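The values are calculated or read from the model by the stated rules, or taken from the named source; none is laboratory data. Treat the numbers as computed from the prediction; the structure is a model and nothing was measured. Cβ atoms come from the backbone with ideal geometry, glycine included; neighbour counts cover every protein chain shown.
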Amino acid sequence: RKRENTINFSPGPAALPDEVVREARENVMNYKGLGLGVMELSHRSPEYTALNLQTQDLLRSLLHIPSNYQVLFQQGGGTAQFAAIPLNLTPSEDTTADYFITGMWSQKAAKEGEKFVKVNHVLSKADGGYMTIPEQSQWNLTPGAGFVYYCANETVHGVEFPEPPDVGSVPLVCDASSNFLTRPIDIAKHAVVYAGAQKNVGCAGVTVVIVREDLLGKCRPYTPVVLDYAVTAKAKSVYNTPPVWSVYILNLVLKWIQKHGGVEAMERNRVAKFQSLISVIDQSGGFYRIPVERRFCSHVNIPFRITVAGEANSDLEAKFLSDAAALGLVQLKGHRSVGGIRVCLYNAISCEDVQKLASFMSHFMLQNRN
Ligand code: PLP
């Protein structure tokens, strides 16, 4: 299969813009005429120092990050942040932290959090799956909690917060891994916003952590040094060897976003792409069925089932996946815990890509509906 004939709807590591891949390919062998490739560049070299600081500045300008926030790069993915958050923000295991559990990723964050804090669930347990976010009147928030944690967009279950939850003055922490830079985010409403790069802004290996400055320097004494936000901030994210390649790719993707109109343009594309997909689903008379309540339905990771007589039909779903793959539409299988189909509309997926998928879906329905 050729790259130019393939549309990769993977949840992550996800598709990168062709322009980025092309430029990276040049620099694998010889970065800026230095005679060595970007992966071979010293992290103490002037070239990497410039790249690192420029990448942080690009994030600042694209997201309009206020000056009292630091932009950090850490490793260990979103999963390392599940521990880094309580270790940096709370003094002891006696602290209570509030978690919104709206899908698999916030559930995993809370499970890891239990090692470090008393976890309070803001929402009552979602029997029968994650399909909505209950009204504010039903939230069980702890006055004076160490922090409130939420996942802006659940990659597996497809539940997305339309707005950050209003939790008063308690520090608010956001896992933005799967919708980062697909829409504007009001950083000032948050204590910490973090995102792994491998979905919307690059490849695996680097996690962007945006943290309010007054929260630095309060981590527990036994916090691993690589997760200590203050140490990372002081060293401008080169305390130890950084993932040079991943930061380089992040840099290229951020420049690509900037060139194509910034987060505001990504936001317009996000809405247009979602509309193309959702109109096929809405006109399918229930053949394609999204379990999530529409108000909270993710615009970025859209899971759905293919139904026959109201029941999900895994044989038809398998046929959908193989017919789609034959046309170069790949990585559409739902997460193993929920089954079905999942469409991921990250930044590198274009409106034309989604139109091709939508047209395939219309044909598939006509051919396979009884
Ligand atoms: N948070 C969200 C929303 C995710 O989708 C993922 C991974 O897909 C993670 C956290 C964990 O990230 P990682 O695998 O980089 O540790």
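Quick look at the values:
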quantity	calculated
Scan of the stretch 43-95 for residues that are of a type in the set (A, V, I, L, M) and under 17 Å from Tyr229 (Cβ atoms), ordered by number	Leu59, Ile65, Val71, Leu72, Ala80, Ala83, Ala84, Ile85, Leu87, Leu89
Filter pass, Arg220 being assigned by TED's automatic domain parsing to the domain that holds Lys108 and in contact with an Asp or Glu (Cβ under 6 Å, 6 or more places away or on another chain)	no
Subset of the stretch 84-111 (residues that are more than 15 Å from Val211 (Cα to Cα), small (Gly, Ala, Ser) and assigned to a helix (DSSP H, G or I))	Ser106, Ala109, Ala110
Residue satisfying all of: in the stretch 38-83; among the aromatic types (Phe, Trp, Tyr) and in a helix (DSSP H, G or I); nearest to Val21 (Cα to Cα) among these	Tyr48
Residues located in the stretch 61-118, provided they are within 13 Å of the ligand (Cβ to nearest atom), touching an Asp or Glu at 6+ places or on another chain (Cβ under 8 Å) and closer than 28 Å to Tyr239 by Cβ	Gly78, Thr79, Gln81, Phe82, Ala83, Trp105, Ala109
Within the stretch 314-345, tally of residues that are acidic (Asp, Glu) and within 20 Å of His157 (Cβ to Cβ)	1
Number of the condition not met by Val338 [criteria: (1) of a type in the set (Val, Ile, Thr); (2) surrounded by 20 or more Cβ atoms within 10 Å (Cβ to Cβ); (3) under 13 Å from Phe304 (Cβ atoms)]	(2)
Residue, farthest from the ligand (Cβ to nearest atom), within the stretch 182-201, restricted to residues that are in contact (Cβ under 8 Å) with a residue 40 or more places away in the chain and among the charged types (D, E, K, R)	Arg183
Hits in the stretch 135-164 - residues which are within 16 Å of the ligand (Cβ to nearest atom) and touching a helix residue (DSSP H, G or I) at 6+ places or on another chain (Cβ under 8 Å)	Tyr149, Tyr150, Cys151, Glu154, Thr155, Val156, His157, Val159, Glu160, Phe161, Pro164
Pair list, Cβ under 6 Å, 6 or more apart: the stretch 161-181 residue more than 22 Å from Arg294 (Cα to Cα), other residue of a type in the set (D, E, K, R) and within 15 Å of the ligand (Cβ to nearest atom)	none
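Rundown of residues vs (1) farther than 25 Å from Ser246 by Cα; (2) over 22 Å from the mean Cα position of the chain (by Cα); (3) crowded, with 23+ Cβ neighbours inside 10 Å, yes/no style:
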position	(1), (2), (3)
Lys118	yes, yes, no
Asp127	yes, yes, no
Ser137	yes, yes, no
Ala152	no, no, yes
Val159	yes, no, yes
Asp186	yes, no, no
Tyr194	no, no, yes
Gln198	no, no, yes
Gly202	no, no, yes
